[in-house]
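> Below you'll find the structure I mean.
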Amino acid sequence: MPTIDINAGTIHYEVTGPENGRPVMFVHGYLMGGQLWRQVSQQLANLGLRCVAPTWPLGAHPTPLKAGADRSITGVAGMVADVLAALDLNDVVLVGNDTGGVVTQLVAVHHPQRLGALVLTSCDAFEHFPPPILKPVILAGQSKPLFRTAIQALRVPAARRSAFADLAYADIDELTQTWVHPALTNPAITEDLRQLSLSLRTEITTGVAARLPELAMPTLVAWSADDEFFMLEDGKRLAATIPNARLEVIEGARTFAMLDQPDRLAHLVATVAVNA
């Protein structure tokens, strides 16, 4: 897997598609990795797009961040901008999901220089952040030992399945085993995740939402019809708030539309990436 070094540390990423294709970069959610996007990436690559799917420092990253790195969610948004610059990518279609949708909104508002279009799939927005399922973890994060104990619970298959339940109709247990391994085995990565967790506050999403009307880039809001975590109403609000946005509802999908309905999501992203 290729890597890129930025000031904050080493970022691992997967890349698919021709080098001269329009870049599409993906941003996954909390305690997830870039593998999430493989099916969609391959389909978009077949259309001539250059798909870059990093595993961002959201808990599943293989290499700890450097000492002094900003481990907050706004810091992660800065890392996205740094990776875009380090890879010299321009006119990028930035695609976010789950917590990665918050990161994507932050990049669009604070670091838009290299972006050409935006895709927000089911994600946190407005006053609905952090999601209720993460609140006990955030509370545990106030104590290093307690947080480490909470994360170690994910070694138990039943606990892991419960933590990721309802994100997809597809079986994602193999993926989740891969995602939780770094934080279970490397204390430095556990600490990266703890500090990230403490930064997840409602004012992050309400603050960035106040600036979404400033966006001028074409935007697709592709929301899963059967999402158990992210309300369709927020997708509608995002599409109404961002000036050049349209809403598409993906039937037969939960949060991970890229796994439940990869053909549909790839087609929708292509309508932005190829035609915008």
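The values are calculated or read from the model by the stated rules, or taken from the named source; none is laboratory data. As the structure is a prediction and not an experimental result, all values here were calculated from the model. For neighbour counting, all protein chains shown are included, and Cβ atoms are generated from backbone atoms with ideal geometry for every residue, glycine included. Just so you know, the surface numbers come from the protein's heavy atoms only, side chains and all, with ligands and any DNA or RNA stripped out. Shrake-Rupley method; radii C 1.70, N 1.55, O 1.52, S 1.80 Å.
> Near the amide H of residue 6, under 5 Å away, which other amide H atoms are found, from residues 5 or more places off or on another chain, if H is placed in the peptide plane?
Close amide H contacts, sequence-distant or interchain: 11.
> Could you tell me the accessible area of residue 234 in Å² (1.4 Å probe, neighbours in place), rounded to the nearest ten?
Surface open to solvent at residue 234 totals about 10 Å².
> On to the next question. Would you please give the residues with an amide H less than 5 Å from that of residue 224, counting only those at least 5 places away or on a separate chain, with H modeled from the backbone geometry?
Correct list: 122, 250.
> Return the single residue from 161, 50, 38 with maximal mean-square fluctuation; model: Gaussian network over the chain, springs between Cα atoms under 10 Å.
Result: 161 has the largest fluctuation of those listed.
> Given a 10 angstrom Cα cut-off, can you work out which residue in 24, 221, 180 is the most mobile in a GNM of the chain?
Its mean-square fluctuation being the largest, the pick is 180.
> Can you give me the accessible area per residue for the chain, using a 1.4 Å probe, in Å²?
39 Å²
> Now, a different point. If eta is 1.002 mPa s and T is 20 °C, what Stokes-Einstein diffusion coefficient results for the chain, Kirkwood Rh from Cα pairs, in µm²/s?
In µm²/s, the coefficient is 117.
> So if R0 is 35 Å, what FRET efficiency would residue 90 and residue 228 give, r being the distance between their Cβ atoms, rounded to the nearest 0.05?
For R0 = 35 Å, the calculated efficiency reads 0.45.
> Using a 1.4 Å probe on the protein chains only, how many percent of the accessible area of the stretch 3-274 belongs to carbon and sulfur?
Here it works out to 51 percent.
> May I ask you to rank 104, 3 by accessible area, largest first, using a 1.4 Å probe over the protein chains only?
3, 104
> Then there is this: So how far, in whole Å, is the C-alpha centre of the stretch 63-134 from the one of the stretch 1-27?
Cα centroid to Cα centroid, the span is 14 Å.
> Under a crude label model (7 Å from the Cα following the beta-carbon direction), how far is residue 186 from residue 156 in nanometres?
Once both label points are built, they end up 2.7 nm from each other.
> Still on this structure: Of the beta bridges DSSP finds with both residues in the stretch 3-274, what % are antiparallel, to the nearest 5?
30 percent
> Sticking with this structure for a sec: Can you work out the Karplus-derived ³J(HN,Hα) for every residue in the stretch 224-231? Use 6.51 cos²θ - 1.76 cosθ + 1.60 with θ = phi - 60°, whole Hz, and x for glycine or proline.
After applying 6.51 cos²θ - 1.76 cosθ + 1.60, I find 7, 5, 9, 5, 8, 10, 10, 5 Hz.
> Which whole-Hz couplings ³J(HN,Hα) result when phi for each residue of the stretch 268-273 is put into the Karplus expression 6.51 cos²θ - 1.76 cosθ + 1.60, θ = phi - 60°, listed in order with x for Gly and Pro?
5, 4, 4, 5, 8, 6
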